[in-house]
Structures are given as C-alpha cells and as structure tokens.
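Chemist: Before I ask anything, let me first share the structure, which is written out below as structure tokens.
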C-alpha cells in the first residue's frame, strides 16, 4: 500500500463525503511557502494540523496561527481560508462531528500533545476505507477523545466586522510595529478615542491595547517559525530590544522563544 492510497488524494480532499462510514478521514500534503486555499467550506469539521512549518487560518471572525504544536478546529460549513507562512507539512483530519460531545462548537486552537500528534500520524498510515468497527475505528475515536480533552490555546486574533475598524485592524495585523496610538487610530476612524475604544472592544471582545499585543505575538510566531532570529523579530515588531520582546514572549507562553521552538520540533 502506497502513502498516496492511505490518505485522501489531493483531487478529492476538498469535499470529503459525509456519507462515508469512516468518522475521521486523513489527508496529507506538503505545502510550499505562500501556498494555500482561498475561501471555502466543507460539510465535515476539520482539524488543521501540520508537523512542520506554520499556517494562517482566517475566518470572518478572526485569524488563527498554526505552529506544529497547535491545530485549528474548524466546524463544518464555516467559510475559511488557509495560507502557508513557511514550507509546511500539512497533516489534517476531516471529522463527521455531529453529536460528538466535547468537540469544539466554534473555531478554536487546540494544543497538540505528543500523544495526539502520534495518533494523527498513525491514522495517516491507514487506508481511507478502514474498518470503522475495527482497530482503526477505535484509533480514530481515541483521536477525537484527545481533541475533546485538549485545552484551547490563545492564538486567536478576533477581527472587527465594521468597515473602518476592520481596515484599521487589517493594517495593524499586517504591520504590528506601527507606533500610532489609540488617539491616532480614532482620528483615522473619524470617532472620538472613547468611542473607538468602546466599539473595538465590543466587536473583538478585547481591549485595543491587548489586541495589539496579541497581533504582535501572532506575527512573532509567524516570523520565528520561519527561522527569523529573535533580534530581527524584535526589530520588525517595534520592540526596544530583544530583551523586551523575550519578556513579552515569556509572559505569554511561560518560556523563551528559543525554548518554545526547541521543545516543539
């Protein structure tokens, strides 16, 4: 049995059949940097996972970053697009999730433990037409149990829906080193600073200052996953120096950038 016959073929993966008896279907492909899929949806839920590289997943509600130790859960019928931020080994699952207690109801980032990672890779080696009632079916169910048990990770950047706020958020997501403050952006939006802050919090669920920190953090993960040195990341994101950036990173993840990626590769 070849690797190609063990997983969903690239020509078929876009619309996995809901009627297939297998609850979990596996798909593997290697993506070069910049490769992706535009806006689309599918009936099955999807666990977007990779074993090397980094991806950006976008929906109308926000943006998620996928380094190797994380995965993004996208429920069925949710419009999303995916972009490879670096050369990535894409390993994903399509799940017939209806009625499964504990699986996420909304888009979310889940931690991929070493156990979950090995289980996913094990299912990748099984035929697509595996016996749902046999050992492979039990393997698939253990994967779903592990997803349900995995805590959500804070790698989500919620986006405003309104026109001007959305454009401002997009500009800051693209260039999180922009030093303009809340008053400057309020003038850009043609509202008072108080109104700007209130509307931004209402639409994103985060205060403007915390949102900007999250935007910087997510951009940092993109750059670090692509092999950019810490000192260069610090400069690109507008920090006073590497020590300030490392302190921010440690506050968010509990470890330094070097330790974070060393433990997850």
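Chemist: Give the residues of region 218-251 that are in a helix (DSSP H, G or I) and at pLDDT below 75, sorted by residue number. Steps first, answer last, please.
Modeler: To start, the set of residues in region 218-251 that are in a helix (DSSP H, G or I) comprises 218-225, 230-236, 242-251.
Matches in region 218-251: 225 only.
Chemist: What about residue 148, is it more than 20 Å from the chain's Cα centre (by Cα), closer than 16 Å to residue 49 by Cβ and surrounded by fewer than 18 Cβ atoms within 10 Å (Cβ to Cβ)?
Modeler: On the way: more than 20 Å from the chain's Cα centre (by Cα): no; closer than 16 Å to residue 49 by Cβ: yes; surrounded by fewer than 18 Cβ atoms within 10 Å (Cβ to Cβ): yes.
Against the criterion (more than 20 Å from the chain's Cα centre (by Cα), closer than 16 Å to residue 49 by Cβ and surrounded by fewer than 18 Cβ atoms within 10 Å (Cβ to Cβ)), residue 148 does not qualify.
Chemist: Please state which of the following conditions residue 52 fails to meet, knowing it meets all the rest: (1) surrounded by fewer than 18 Cβ atoms within 10 Å (Cβ to Cβ); (2) in contact with a helix residue (DSSP H, G or I) (Cβ under 7 Å, 6 or more places away or on another chain).
Modeler: (2)
Chemist: Related question: Output yes when any residue across region 239-251 is closer than 16 Å to residue 85 by Cβ and crowded, with 16+ Cβ neighbours inside 10 Å, and no when none is. Working first, answer last.
Modeler: So in region 239-251, the residues closer than 16 Å to residue 85 by Cβ come out as none.
Taking every residue of region 239-251 in turn, none turns out to be closer than 16 Å to residue 85 by Cβ and crowded, with 16+ Cβ neighbours inside 10 Å.
Chemist: For residue 77, indicate whether it is over 23 Å from residue 204 (Cα atoms), outside the structural domain of residue 170 (by TED's automatic domain parsing) and not in a helix (DSSP H, G or I). Talk me through it step by step, then tell me what you get.
Modeler: Details: over 23 Å from residue 204 (Cα atoms): no; outside the structural domain of residue 170 (by TED's automatic domain parsing): yes; not in a helix (DSSP H, G or I): yes.
Here the answer is no, as residue 77 does not meet what is asked.
Chemist: Additional query: Among 171, 97, which is free of Cβ contacts under 8 Å to residues at least 24 places away in the same chain and surrounded by 14 or more Cβ atoms within 10 Å (Cβ to Cβ)?
Modeler: Values: 97 fails: free of Cβ contacts under 8 Å to residues at least 24 places away in the same chain.
Answer to the selection: 171.
The values are calculated or read from the model by the stated rules, or taken from the named source; none is laboratory data. Quantities reported herein were computed from a predicted structural model and do not represent experimental measurements. Neighbour counts are summed over all protein chains in view; Cβ atoms, including those assigned to glycine, are modelled from backbone coordinates with ideal geometry.
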